[in-house]
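Everything below concerns the one structure shown next.
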Amino acid sequence: MATSDTVITDELAVEIARLGLVRESSDVATLHRVTQLAARAVTGCAGASSMRWSPASPPEPLAAASSHPDLAELVDLQIEAGHGPIFDAVRVRRPVSCDDTLAETRWPGHVAAMLRRGVRCFITTVHEYEQVLVTLSVYGVVPGALDSRQQALASLLLAQGGAAVSNTRQFDDVHRTAVQLQQAVEARAVVDQAKGILMHALGCDADRAFAELRRISQTRHVKLTAIAQRIVSGRGLAEPFPSPGDDGADG
């Protein structure tokens, strides 16, 4: 059993803190950073893999990352089979570990695959936060190389990684909303310009101009904003529009 104490250096502390920053709007990128840092920081760890799961019941894997190709294969084998230590950890929402795969009997098929890849011990930790469920598995090539203190560090890394995944999801939501609002503002501006042109041309008020835009949109089965853009650009309405399959009326 490993006896060395876990030491969080200043450099490691900074890297752990940086996990929570939104740098890439990608679950896989965040998970990859977690696995790479775990492989370097956790004493006795020769490699790591992490996964994000759906919050549904039962949870389903949504994204995965591994520090080494052999470990990615182990993850894929569990996903294909639908069971294994990672699935068990998610099911009970508690860490699952093995001190020596050579003596392990809980997952015969999966343990055999581990042994073929030189894995002799592992710890899988689970973190759940704001509809984000993630796991981190750290693997050792020597029996007993990963003790409870390494599990604590792995849990810390995973908590920060889980927060980062949550942040990227929130960033995506905010960015998507901002884009939609910007598009709505731009569309409204074009429609208002088209209304002004029609008011001048027809000698009518704003309500009558907008009603005319809607009438043309519904008659031609073309989006109202597309009609407005034609009027504003000065191209007129005589030129053919895209087929109805491409533009539907949004009256």
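Where a number appears in this text, it was derived from the coordinates with a stated rule and is not lab data. On a predicted model such as this, the values are computed, not experimentally measured, just so you know. Methodologically, a virtual Cβ is constructed for each residue, glycine included, from the backbone with ideal geometry; neighbour enumeration extends over all protein chains shown.
Let me check against my output: what whole-number percent is the relative contact order of segment 70-127, with C-alpha pairs under 8 Å and at least 6 apart? For segment 70-127, the relative contact order is 39 percent. Computed from phi, the 3J(HN,Hα) profile of segment 53-58 under the Karplus parametrisation 6.51, -1.76, 1.60 (θ = phi - 60°) reads 10, 6, x, 5, 10, x Hz, with x in place of Gly and Pro. Taking a Cβ cut-off of under 12 Å around His110, the surrounding Lys, Arg, Asp and Glu residues balance to a net charge of -2, with basic ones at +1 and acidic ones at -1.
When the alpha-carbon atoms of segment 31-90 are used, the pair Rg, Dmax equals 11.7, 34 angstrom. The length gained by stretching the chain between Val232 and Ala201 to full extension, at 0.36 nm per residue less their Cα-Cα distance, is 9.9 nm. When peptides 45-51, 207-213, 130-136 are sorted by average Cβ neighbour count within 10 Å, with the highest value leading, the order is 45-51, 130-136, 207-213. The length gained on full extension between Arg91 and Leu62, counted as 0.36 nm times the residue separation minus their Cα-Cα distance, comes to 8.9 nm. Residue by residue, segment 38-43 carries 3J(HN,Hα) couplings of 4, 4, 8, 9, 7, 4 Hz when phi is fed to the Karplus relation 6.51 cos²θ - 1.76 cosθ + 1.60 (θ = phi - 60°); x denotes Gly or Pro.
Once backbone amide H atoms are built at 1.01 Å from N, His68 has Ala48 as its partners under 5 Å, excluding neighbours fewer than 5 places away on the same chain. The Cβ shell under 12 Å around Leu136 holds other residues with a net charge of +2, Lys and Arg each +1, Asp and Glu each -1. For the peptides 38-44, 137-143, 106-112, the ranking by packing is 137-143, 38-44, 106-112, with the highest mean count of neighbouring Cβ atoms within 10 Å listed first. With the simple spin-label model, which puts each label point 7 Å out from Cα in the Cβ direction, the Glu130 to Thr219 separation comes to 5.1 nm. With a simple spin-label model that places each label point 7 Å from the Cα along the Cα-to-Cβ direction, the separation between Ala189 and Leu102 comes to 7.1 nm.
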